[in-house]
Amino acid sequence: MNEEYGTYLVTQEDLAEGRSTVEIVEAAIAGGVDVVQLRKKHATARRRYDLGWKLRRRTAAAGVDLIVNDRVDIAAAVDADGVHLGDDDLPVSVARELLEDAVVGRSVSTVETARRAESNGADYLGVGAVFATSSKDVSEEESGIGTETVSAIADAVSVPVIGIGGITVDDAADVVAAGATGVAVISAITAADDPERATRTLAAAVASGRDRR
């Protein structure tokens, strides 16, 4: 795993203003994104697989990590760098057995679940939703947990913490200053008029947040 997961794009094509996921990812790569997560929850396994291979070719050529949301089987099939798991997915320990050398990320929203995920072998934690958002499927209790919880979780674990959920260029630095390694975004890149420039601006905000620690 690249320890500098500063800018992390989570794909969602219905927010792309008519552009394809491949187009958005290519622009983000040109802008210097560190990692791309293939997230296409309501697509068939075959469609995720086909898209996964398209993204794998592009991310591999650029030295950018590709993570698959939810599906360990598809992560293995497209030779992704890893998988990101939520509450309803396979346990981290099982994913680790199936994907021995891959990165395994886990969504958490509390210190308790963060510590458990780390002890079960998670390589990094997606913490959120930091701010209220309609792009990520989260319960009311997990929405808008704030930078204070990000800080508490970062202090409680030794693996990288990635803030996610409602994060924009304007508040990304605050999330990183609170202790996150980086930020994962959907709309901030995908819905931007210029996704390449948006990625560069986001990276600058992350660097600013690190300088404030």
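The values are calculated or read from the model by the stated rules, or taken from the named source; none is laboratory data. Just so we're clear, the structure is a prediction, and the values are computed from it rather than from any experiment. Ideal geometry is used to build each Cβ from the backbone, glycine not excepted, and the neighbour counts take in all protein chains shown. In case anyone asks, the SASA skips ligands and DNA or RNA and just uses the protein heavy atoms, side chains included. Shrake-Rupley method; radii C 1.70, N 1.55, O 1.52, S 1.80 Å.
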For LEU55, work out the one condition from (1) under 19 Å from THR199 (Cβ atoms); (2) over 18 Å from the mean Cα position of the chain (by Cα); (3) free of Cβ contacts under 8 Å to residues at least 60 places away in the same chain it doesn't fulfil.
(2)
For segment 3-12, give me the residue count where each residue is open to solvent by 10 Å² or more (accessible area, probe 1.4 Å) and assigned to a strand (DSSP E or B).
0
Among the residues of segment 13-32, is any under 14 Å from the mean Cα position of the chain (by Cα), assigned to a strand (DSSP E or B) and touching a residue at least 60 places away in the same chain (Cβ under 8 Å)?
no
Can you tell me how many residues within segment 75-87 are within 26 Å of GLY31 (Cβ to Cβ) and either among the acidic types (Asp, Glu) or open to solvent by less than 10 Å² (accessible area, probe 1.4 Å) (or both)?
6
When residues of segment 139-198 are limited to those that are under 19 Å from LEU66 (Cα atoms), assigned to a helix (DSSP H, G or I) and touching a residue at least 60 places away in the same chain (Cβ under 8 Å), the one most open to solvent (accessible area, probe 1.4 Å)
GLU196
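What is the residue count in segment 33-51 for residues that are in contact (Cβ under 8 Å) with a residue 12 or more places away in the chain and either basic (Lys, Arg) or over 24 Å from VAL206 (Cα atoms) (or both)? If you could, list the steps in order and put the result at the bottom.
From segment 33-51, those in contact (Cβ under 8 Å) with a residue 12 or more places away in the chain are 33-41, 45, 48-49, 51; that's our starting set.
Filter once more, so that each one left must be either basic (Lys, Arg) or over 24 Å from VAL206 (Cα atoms) (or both): 39-41, 45, 48-49, 51.
The qualifying residues number 7.
ARG96: more than 15 Å from the chain's Cα centre (by Cα), modelled with pLDDT under 95 and outside any loop (DSSP other than H, G, I, E, B), yes or no?
Working: more than 15 Å from the chain's Cα centre (by Cα): yes; modelled with pLDDT under 95: yes; outside any loop (DSSP other than H, G, I, E, B): yes.
Spelling it out, ARG96 is indeed more than 15 Å from the chain's Cα centre (by Cα), modelled with pLDDT under 95 and outside any loop (DSSP other than H, G, I, E, B).
Taking segment 115-164, which residues are of a type in the set (Val, Ile, Thr) and at pLDDT below 95?
Matches in segment 115-164: THR133, VAL138.
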